[in-house]
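K.L.:
Starting off with a structure, shown below.
The values are calculated or read from the model by the stated rules, or taken from the named source; none is laboratory data. Since the structure is predicted, the reported quantities are computational estimates derived from the model, not experimental observations. Virtual Cβ from ideal backbone geometry, glycine too; neighbours counted across all protein chains shown. The protein model used for the area step is the full one, side chains on, heavy atoms only, and it has no ligands, DNA or RNA in it. Shrake-Rupley method; radii C 1.70, N 1.55, O 1.52, S 1.80 Å.
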There are 2 protein chains.
Amino acid sequence: MANEPPNPPQRRTGTATAADVARLAGVSVSTVSLALSGRGRVSEKTIRHVRSIAEQLGYVPNAQASSLRRQVTHRIALVVPDIGNPVYVAVAKAIQREAKQRGYYVLLISTDNVEGADVDALHLLRNGHVDGMVLIAIRPSGELERQLGRIHKPICVIGKVPGGLGVDHVEVNSTRGVGLAVEHLLEQGRSRLVFVNGPLDTNPARLRLQGYLEAARRAGLEERVVSCAFTLQGGYAAVDEVRARFPDADALVCANDLIGIGALKRLRELGVRVPEDVAVTGIDDIPECQICSPTLTSVALHAGERGRMAAQMLLNRLSGEAPAAPLRVVVEPSLVVRGSTGGRP
Amino acid sequence: MANEPPNPPQRRTGTATAADVARLAGVSVSTVSLALSGRGRVSEKTIRHVRSIAEQLGYVPNAQASSLRRQVTHRIALVVPDIGNPVYVAVAKAIQREAKQRGYYVLLISTDNVEGADVDALHLLRNGHVDGMVLIAIRPSGELERQLGRIHKPICVIGKVPGGLGVDHVEVNSTRGVGLAVEHLLEQGRSRLVFVNGPLDTNPARLRLQGYLEAARRAGLEERVVSCAFTLQGGYAAVDEVRARFPDADALVCANDLIGIGALKRLRELGVRVPEDVAVTGIDDIPECQICSPTLTSVALHAGERGRMAAQMLLNRLSGEAPAAPLRVVVEPSLVVRGSTGGRP
DNA sequence: AGGCGGTGCTCAATCGTTTTAGCATAGCCC
DNA sequence: GGGCTATGCTAAAACGATTGAGCACCGCCT
C-alpha cells in the first residue's frame, strides 16, 4: 500500500481558510495573508498566484480571527430610544450611510423605554462586540453617566451631556427651538398658548419646557403646561386634557411632532378647525409633518445631520484622526412653517 | 535586592482578561472559564472566589476570542431595502425584539436601492461577522439567487423565493391582498379603478399587478395601470398621470401606502374630494394610514408579524431546533377599511 | 573573494477564550 | 492496604488570522 498523502483533501464543512489557500498555492500562511492584504513585500507573481487560488476556493478572511488579532472589529453600535420614532430612523439612516462608506457595520439597539437598557448596551463595548458607539439616551441616569465615565472606548452621545464627563457629543439647542415656535405663534396673533410636553423625566422634555417657560415669560404669557407621552396616542389624549383645563386655548405648542400629529387627529374629530380655531406646532420636522392634514408647522432639529456628525466624530476617533480633547458640536434649530399655523398648506 | 516578582502587575491599557483573573485568583485560566461559564465540575468555593475576583476586576469575556473558538457570534444581520420605509421599520423592530430575547444582536443593513448591495450583504455570512441573516430583497436578481444557493449558513428570506432554492422564507399573499382592495371598492360601487403600481422590476410590484389583473378580469373591468416609485413623491406625481390618461377614474388602488398617501396629498391640492369623487386604497397598513387625511383604507400585510416569524425561524435554525427541510410560512392579508373609501374616518 | 543590501518568503508568537484529556488527591469498600 | 471511582483542577491544543523577526538567496560593489 502506498503511504497516506501527507495532506488529505480534508473536506471541511465550513469555508476555506488561509491555510487551505496556502497549501494549494504551495506557500506559507503568512504569505497568503501578506499577498492578499498587500501589507508586506511579496512578488507580483506570488500575489497573482495566491489571489487566483483564493478566488478559486472562495476564500474570505474570517472576521473573528482578524478582529481578535488586530483588536478592531469594524463594527459600531447605535443605541436609540425607539426605532419606531421617525426621528431616530433618520439618525439611523444617516449613521448607517456614513459607517458603510468607511467600512463599518452598524449594530442597532432600540432600548424601547426599558429601564437600564442603555447601560446594558455599553456591554457591547466592554466585551468587544463593537469598536465604538453612538448613544442617544433621553432619560438622565446617574448609573449611565457613571458607566460612561468608566469606559475608555470611543463613544459619541447625541444629546445633552453633563459637563466634566469628557465625552464627544452633538447637541441641538432645542430650548431655542421651542422659542422659535412660540415666537412664530405670537406673530400669528395667538396669545393663549398651551405647551404640550413629553414626560418630565426625559432630557428633551426638560429642555423644551425650559424653552417654553422662557419664551412665555418674555412675552408675558400665562404658563400653561400639559404633559403626555412622546407619541401619537399621547398627543391624541392630551387634547382632551387641554380642553378641560384651558378651554380658551388658541394654540398648542407640542414638544414633538408625534404629539402634534396625534393632537391634530383628535382636534379634527372634535370639529375644531386648525389653524382657524387652534394653531398647532410640533418639533423635529419628521417627514410625516408633510402628509398629515393640515400639514404641521414644526421646528427642524436636523436629526439626520446630527446623526451624520456623530458618526463622523466617532469614526474619526476610531481612525485616530481626532484630537485628544472631547469634541462638542451644537446644531441650531430652524422653523418650518406649514398649514397648522396658517402657512401655505 | 529582592527578586522581581514573577508576575508584575502589568498595567494593561485595555480590559482585564481571563489570565488576569486567573493570576489574582491563584487558579488556571481554564478554571476561570469553567467557573464563570458553569460548564465544568468546579467546586462551589472556587466558583465564588473566581466570581468575586472577576467582578472586582470588571472582567468580561472577550466576544471576539469566544466567537473564534466557539464558531458562533451571537449576531444576526437584517438586510432591508430601505429603512426609511415604515414597513421595514416594523420588521426591524420585531426582529430586534425577538433577537434580543434570545441573546442575539442585530446588524442592520439598508441597501437603499443600490445595485448589488444585497449580494454584498451576504459577505457578512461568508466572513463570519454574523451567524445568520434575515433578508428582504425586492428586486429579483439571478446573481442573488445563485449566491443564496451557495451559502450554507442559516438565512431566512422575507418575500417570494423561487422554488427549488431550498431556503427558509416567509411570504405574504399580496396578490390576494390587492384582490381584497379591488373587491372592497367594487362593493362600494366604484367601477372605474386605476391601479397605481410600483416599479415593475420589483417582486412586490409584479405580484400586486397580477392581483389587480386577476381581480379586474373577474369583475370585467377595463385594465388601467399607472406606474411610479414606491414613495410619497411617486404617488403624488402619479395622480397627474392618472388624471391625464383616465380622467373619469373613481378609485385609485395603490400598490403601497406611501403611494396612496402621496396621492391623497395631491388629490387634496387639486380639490378632488376623497372619498366622494375618488376613493383610494393602499397596501401595508403602516401607522401613517391613521394620521393622514382622510385616513387611508389599506390592506395589512402584517409586516411586524412576518418579521417576528422570520426571526424565529432563523433563531431556531441557529439553535439547531429546526428540521432539515426548508420551511415556508405564508401570511394572509387583511383589509382595513378607513376614511379614504368611505369607512369611518 | 568577501561583504553588503535588498528581495521574497517562512517561523513562530500572538490575540483571549473554550474544551478535551489527563493528573493528582481523597474517599470508599472489602 | 489495595484497587476503584469521584472530584477538582490544570496543561495544552485548538479557533484563524496577523506580524515582527529572521533566514536564504541573489546581485553588486570594491
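K.L.:
Starting from region B:204-225, keep only residues that are within 14 Å of B:Ala181 (Cβ to Cβ) and of a type in the set (Ser, Thr, Tyr), then list their pairs with residues that are in a helix (DSSP H, G or I) and open to solvent by less than 30 Å² (accessible area, probe 1.4 Å) whose Cβ atoms are within a distance under 8 Å, requiring at least 6 positions of separation or different chains.
P.N.:
Hits for this filter: B:Tyr212/B:Val178; B:Tyr212/B:Val182.
K.L.:
Grab the strands (runs of 3 or more DSSP E) fully contained in region B:96-166, keeping just those with 3 or more residues being closer than 17 Å to B:Arg317 by Cβ and either basic (Lys, Arg) or away from chain A (no Cβ under 14 Å) (or both).
P.N.:
In region B:96-166, B:155-158 are the strands (runs of 3 or more DSSP E) which contain 3 or more residues that are closer than 17 Å to B:Arg317 by Cβ and either basic (Lys, Arg) or away from chain A (no Cβ under 14 Å) (or both).
K.L.:
Would you point out which residue out of B:Arg266, B:Arg224 is open to solvent by 30 Å² or more (accessible area, probe 1.4 Å) and of a type in the set (Lys, Arg)?
P.N.:
That would be B:Arg266, the only listed residue that is open to solvent by 30 Å² or more (accessible area, probe 1.4 Å) and of a type in the set (Lys, Arg).
K.L.:
List every residue pair whose Cβ atoms sit under 7 Å apart, with the two residues 6 or more apart in sequence or on different chains, where the first one lies in region B:39-56 and is in the same structural domain as B:Gly26 (by TED's automatic domain parsing) and the second, anywhere, is of a type in the set (Gly, Ala, Ser) and away from DNA strand C (no atom under 12 Å from the Cβ).
P.N.:
As it stands, the answer is B:His49/B:Ala25; B:Val50/B:Ala25; B:Ile53/B:Ala25, since those pairs meet every condition given.
K.L.:
When the residues of region A:46-61 are filtered to those that are within 30 Å of B:Asn62 (Cα to Cα) and open to solvent by less than 60 Å² (accessible area, probe 1.4 Å), which remaining residue is farthest from the other protein chains (Cβ to nearest Cβ)?
P.N.:
A:Ala54
K.L.:
Okay, moving on. Got a sec? Which of B:Gln96, B:Gln64 is under 14 Å from B:Val134 (Cβ atoms) and crowded, with 21+ Cβ neighbours inside 10 Å?
P.N.:
From the options B:Gln96, B:Gln64, the qualifying one is B:Gln96.
K.L.:
Can you give me the number of residues within region B:243-263 that are open to solvent by less than 10 Å² (accessible area, probe 1.4 Å) and more than 28 Å from the chain's Cα centre (by Cα)?
P.N.:
The total comes to 1.
For every residue, the table says whether it meets (1) in a strand (DSSP E or B); (2) away from DNA strand C (no atom under 11 Å from the Cβ).
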residue	(1), (2)
B:Arg39	no, no
B:Val42	no, no
B:Glu55	no, yes
B:Tyr59	no, no
B:Gln64	no, no
B:Leu78	yes, yes
B:Ile83	no, yes
B:Val91	no, yes
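K.L.:
Could you check how many residues of region B:167-199 are of a type outside the set (Ser, Thr, Tyr) and either part of a helix (DSSP H, G or I) or under 15 Å from B:Arg224 (Cα atoms) (or both)? Reasoning before the result, please.
P.N.:
Applying the first criterion (of a type outside the set (Ser, Thr, Tyr)) to region B:167-199 yields B:167-173, B:176-190, B:192-199.
So of that shortlist, the ones also either part of a helix (DSSP H, G or I) or under 15 Å from B:Arg224 (Cα atoms) (or both) come out as B:176-187, B:190, B:192-198.
The total comes to 20.
K.L.:
What are the pairs with Cβ atoms under 6 angstrom where one residue, in region A:103-119, is touching a residue at least 40 places away in the same chain (Cβ under 8 Å) and the other, located anywhere, is not in a loop (DSSP other than H, G, I, E, B)? Sequence gap at least six, or different chains.
P.N.:
Sorted first by the residue in region A:103-119, then by its partner, the pairs are A:Tyr104/A:Ile76.
K.L.:
Tell me, please, whether a residue that is modelled with pLDDT of 95 or more and open to solvent by less than 10 Å² (accessible area, probe 1.4 Å) can be found in region B:134-147.
P.N.:
Yes.
K.L.:
Here is a further query. Filtering region B:21-35 down to residues that are open to solvent by less than 60 Å² (accessible area, probe 1.4 Å) and not in a loop (DSSP other than H, G, I, E, B), which residue is farthest from B:Leu107 (Cα to Cα)?
P.N.:
Residues of region B:21-35 that are open to solvent by less than 60 Å² (accessible area, probe 1.4 Å), as a first pass: B:21-22, B:25, B:27-28, B:31-32, B:35.
Still in the running and not in a loop (DSSP other than H, G, I, E, B): B:21-22, B:25, B:31-32, B:35.
Numbers: B:Val21: 31, B:Ala22: 33, B:Ala25: 37, B:Thr31: 33, B:Val32: 30, B:Ala35: 31 Å.
Taking the candidates together, the pick is B:Ala25.
K.L.:
Out of all the residues in region A:66-76, which are hydroxyl-bearing (Ser, Thr, Tyr) and either away from DNA strand C (no atom under 16 Å from the Cβ) or not in a helix (DSSP H, G or I) (or both)?
P.N.:
Scanning region A:66-76 gives a single hit, A:Thr73.
K.L.:
Evaluate the following for B:Ser43: is it more than 28 Å from B:Pro140 (Cβ to Cβ), at pLDDT below 95, more than 8 Å from chain A (Cβ to nearest Cβ) and open to solvent by 20 Å² or more (accessible area, probe 1.4 Å)?
P.N.:
Yes, satisfied.
K.L.:
Restricting the search to region A:269-304, which residues are within 11 Å of chain B (Cβ to nearest Cβ), in contact (Cβ under 8 Å) with a residue 12 or more places away in the chain and not in a loop (DSSP other than H, G, I, E, B)?
P.N.:
Within region A:269-304, A:Pro287, A:Glu288, A:Cys289, A:Gln290, A:Cys292, A:Gly304 meet the criteria.
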